[in-house]
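Working notes, structure below.
Bear in mind these aren't lab numbers, they're just calculated from the coordinates by the rules spelled out. The structure presented is a predicted model; accordingly, all values stated were derived computationally and were not measured. Cβ coordinates were reconstructed from backbone atoms using ideal geometry, including for glycine residues, and neighbour counts include every protein chain displayed.
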Amino acid sequence: MSTKKQREEKLKQSKEILKVLGMPKAQYNDRSGWVLLALADIQPENSWGSVKSPLLPTVDIMQFIREHYRQDYKPNSRETIRRQTLHQFEQARIVARNRDDPSRPTNSKDNNYSLNESILAVLREYPMGKWMRRVEEYKQNLTGLKTLYAKTLDKEKIPITLPDGKEISLSPGKHNQLHADIVHEFCSRFIGGGGRLLYLGDTASSRDEGGKLMILESEFLESIGVSPMSHDKLPDVVVFDEKRNWLYLIEAVTSHGPVSYKRWVELEATFATCKVGRVYVTAFPNRTEFRKNSADIAWETEVWIADNPDHIIHFNGDRFLGPHER
């Protein structure tokens, strides 16, 4: 059983290490000190020479701190730890995220963090030996480490070639892969060369981890009667068919629901002032996902399945693939 003095001493040492590594003041506070101890698997009675580098999800980090340092972070603290400590540790190359699978989406429940070898070298020497020399080596190599890490992440990104030939990259994940399939496969087959991509987001990651709005043609949307106030209610992909004057509103379903009747009513209200015909499409990656959601799909909408891209399933209505009379 650890003593209060041992716990306080280890926390003090952990914060000292972070400060010497060059972390900002907000990242060598108590929270960050405890997180470093968890990542290193250092209990209060352990020496730093016993440091390890397990793959730890945020919830496991919180459990370690709770069990060994008696700091009980509540479940709603997980985002604070991730955004205000782990994210900065990752930027400074103290930790690697998803070392076991760099292609894992940033919003996956299986995300994990582990200490990098250069930091392990520092901790193994602390507080004696050559630990300050190891710190200097880490700082000297930091630019190279960041560059190498960026290249690793870039390899996992999903490339998309837009209708105008421009190329962008989305964060890894099955939802963004479906976005790419919609642009490359659905649009080329059912809209053709007259398609203009008006909206596309990088939805596999949160904004603070690199996720961002990739395409939003606000002025054009406004020119066809779509209010700027409606932009936060847009479906996953919005494409304008310039030849037929149709607006395709496409929901990509990998976890969230399809164009259900409720969603159809919401979108109809959002696009009530739109001057062009509207075509509602639900895109699925495969038939398994389609079967899970088929009972909820609204009539007078279309379904497209990425692993069988040449076909569309039409849910009734007075025409196949086109706007319907309201």
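Assuming a viscosity of 1.306 mPa s and a temperature of 10 °C, what translational diffusion coefficient in µm² per second does Stokes-Einstein assign to the range 1-72, Rh being the Kirkwood radius over Cα pairs?
Translational D for this selection: 131 µm²/s.
Across every pair of different alpha-carbon atoms, what Kirkwood hydrodynamic radius in Å does the range 100-140 reach?
The Cα-based Kirkwood calculation yields 12.0 Å.
Hand me the GluC sites (Glu not before Pro) from the range 245-326 located in a DSSP loop with no more than 16 other Cβ atoms within 10 Å, in residue order please.
Glu325
Using only helices, what value at 222 nm comes out for the chain when you add -39,500 (n - 2.57) per DSSP H run of length 4 or more and divide by the total residues, to the nearest 500 deg cm²/dmol?
Rounded to the nearest 500, the figure is -10500 deg cm²/dmol.
Using the basic label-point model (7 angstrom from Cα toward the beta carbon), what is the Gln84 to Glu222 distance in nanometres?
In this crude spin-label approximation the distance works out to 3.7 nm.
Which entries in the list Lys52/Lys174; Lys109/Lys157; Lys19/Lys130 go over 22 Å, if you measure between the two C-alpha atoms of each?
Violating the 22 Å Cα-Cα cut-off are Lys52/Lys174.
Taking Cα pairs under 8 Å and at least six residues apart, what relative contact order does the range 158-315 come out at, in percent?
Over the range 158-315, the number comes to 19 percent.
For the range 270-317 and the range 76-123, compute the distance between their C-alpha centroids and round to whole Å.
38
Dividing the alpha-carbon Rg of the range 225-280 by 2.2 N^0.38 Å yields what?
So the range 225-280 has a normalised radius of gyration of 1.10.
Mind listing the Cα extents of the range 270-319 along all three principal axes, in Å, largest one first?
Principal axes ranked by extent give 36, 22, 22 Å for the Cα atoms.
Add +1 for every Lys or Arg and -1 for every Asp or Glu among the other residues with Cβ under 11 Å from the Cβ of Ala252, and state the total.
-3
For the range 158-315, with equal point scatterers placed on the C-alpha atoms only and solvent neglected, what are the log10 I(q)/I(0) values from the Debye formula at q = 0.21 1/Å, to two decimals?
The computed values of log10 I(q)/I(0) come out as -1.60.
If amide H atoms are built 1.01 Å from N in the plane of the peptide, which residues on other chains or at least 5 residues away come under 5 Å of the amide H of Leu170?
Distant-sequence amide H within range of Leu170: Ile158, Ile160.
Based on alpha-carbon positions alone, could you give the equivalent ellipsoid semi-axes of the chain from the gyration tensor, as √(5λ), descending, whole Å?
50, 20, 17
Contour minus end-to-end for Lys292 and Lys74, with contour as 0.36 nm per residue of separation and end-to-end as the Cα-Cα distance?
75.1 nm
Order of Ser294, Ser50 from fewest to most other C-beta atoms within 10 Å?
Ordered by Cβ neighbours within 10 Å, fewest first: Ser50, Ser294.
Among Tyr199, Tyr73, what is the fewest-to-most ranking by other Cβ atoms within 10 Å?
Tyr73, Tyr199
Near Lys4, which aspartates and glutamates are there with a Cα under 16 Å away, not counting those fewer than 8 places off in the same chain?
Asp30, Glu45, Glu67, Asp72
Using the Kirkwood radius over C-alpha pairs as Rh, can you work out the diffusion coefficient of the range 4-155 via Stokes-Einstein at 37 °C, viscosity 0.692 mPa s, in µm² per second?
Estimated diffusion coefficient is 211 µm²/s.
Can you tell me the order of 24-37, 108-121 when each peptide is scored by its average per-residue count of other Cβ atoms within 10 angstrom, highest first?
Going from most to least packed, we get 24-37, 108-121.
What angle, in degrees between 0 and 90 and rounded to the nearest 10, separates the Cα long axis of helix 261-270 from the longest principal axis of the Cα atoms of the chain?
Tilt relative to the chain: about 80 degrees.
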